[in-house]
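Step one of this worksheet: look at the structure below.
The values are calculated or read from the model by the stated rules, or taken from the named source; none is laboratory data. For clarity, every value in this text was computed on a predicted model and none was experimentally measured. Every residue, glycine as well, gets a Cβ built from its backbone with ideal geometry; the counts of neighbours run over all protein chains shown. The protein model used for the area step is the full one, side chains on, heavy atoms only, and it has no ligands, DNA or RNA in it. Shrake-Rupley method; radii C 1.70, N 1.55, O 1.52, S 1.80 Å.
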Amino acid sequence: MIAYFYINKNDAEEVKECGLKLSIYGDEVLAEREHPIRAIRALLSPKDDISKYSDSRLSCLKLDIPNGKLLVAEEIYLDTGNREWFNESVVHAENYIFGTYRKPCYLLTFTVSDEYIGILDKSRDVPVLYDDSEELYILKMKAEFEDRDENFYDKAIYGYLDVLQRNWKASIEWQSDEFTIFGSEGKKYIIRNPENEK
């Protein structure tokens with residue numbers, strides 16, 4: 001499996017020759033009975049961090065890790081400060097279904113030796129399966145809601161226009177028990193009312 005990790009361009013060649021050291025590039029992320037475990041957090045797609053992807057001062061390492069050595073977790077749970085959610089989200093990469101997490105990260109709990117490290121050439125390298133994990137997550141969630149609810153699109157568009165209306169970027173032009181007509185940017189949108197909305 002391929003993992004991606006951004007590093008200062010000046011350090012890239014040294015890391016490529018000497019390895020990506022857990023002691024230097026790892027963070028304390030997992031906790032097992034209150035004992036922190038260090039891991040290097042890597043990306044599933046190079047565009048999962050678009051600011052780093054666009055930063056000319058950084059190089060993207062391409063880590064070709066043997067199957068069975070990688071873990072995947074939902075990184076947003078770290079942002080919430082809820083370590084329990086983060087720990088519960090950890091799965092072996094072989095069992096991870098793409099699109100399950102909004103901001104997935106690989107966890108490397110070991111130093112990556114030089115034989116597994118390459119530098120991504122954005123213009124010529126092998127394309128990845130998808131552009132970025134967040135887009136895949138949204139598309140998967142949309143497909144799930146579409147399958148679950150035949151009125152999904154009316155509800156989604158109603159919610160979107162309602163948010164615009166609350167921010168003065170749309171208006172309710174007319175409403176009945178069944179439909180609402182929203183106006184926005186000179187157009188009218190006829191939307192079936194979701195249940196309990198009118």
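Structure values in brief
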| item | result |
| --- | --- |
| Solvent-accessible area, 1.4 Å probe, carbon plus sulfur percent, for region 34-170 | 51 |
| Per principal axis, descending, Cα span of region 58-118 in whole Å | 35, 28, 21 |
| Listed residues Leu78, Asn67, Asn151: farthest to the positive end of the dipole of the chain (Cβ charges) | Leu78 |
| Heavy-atom surface of region 133-198, accessible at 1.4 Å and reported per residue (Å²) | 77 |
| Ordering of 96-104, 52-60 by burial proxy (mean other Cβ atoms within 10 Å per residue, highest first) | 96-104, 52-60 |
| Relative contact order of the chain, pairs being alpha-carbon contacts under 8 Å that are 6 or more residues apart, as % | 20 |
| Estimated 222 nm signal from helices in the chain, with DSSP H stretches of n ≥ 4 weighted -39500 (n - 2.57), rounded to 500 | -9000 deg cm²/dmol |
| Computed accessible area, Arg38, all protein chains, 1.4 angstrom probe, square angstrom | 80 |
| q = 0.19 Å⁻¹: log10 I(q)/I(0) that the Debye formula gives for region 2-106, counting C-alpha atoms only | -1.05 |
| Local electrostatic count, Tyr25, Cβ distance below 11 Å [Lys/Arg +1, Asp/Glu -1] | +1 |
| Listed values [x] 35, 20, 14; [y] 43, 20, 15; [z] 39, 18, 13, entry calculated as semi-axes √(5λ) of the Cα gyration tensor in Å | [y] |
| Alpha carbon centroid spacing (whole Å) that separates region 1-30 from region 92-111 | 17 |
| Angle in degrees between helix 152-166 and the longest Cα principal axis of the chain, rounded to the nearest 10 | 80 |
| Karplus 3J(HN,Hα) series, Hz, for region 173-180 with 6.51 cos²θ - 1.76 cosθ + 1.60 (x for Gly, Pro) | 8, 6, 8, 10, 5, 9, 10, 10 |
| Most mobile of Gly159, Gly68, Gly186 in a GNM of the chain (Cα contacts under 10 Å) | Gly186 |
| More than 22 Å apart - percent of Cα-Cα pairs taken over region 107-198 | 55 |
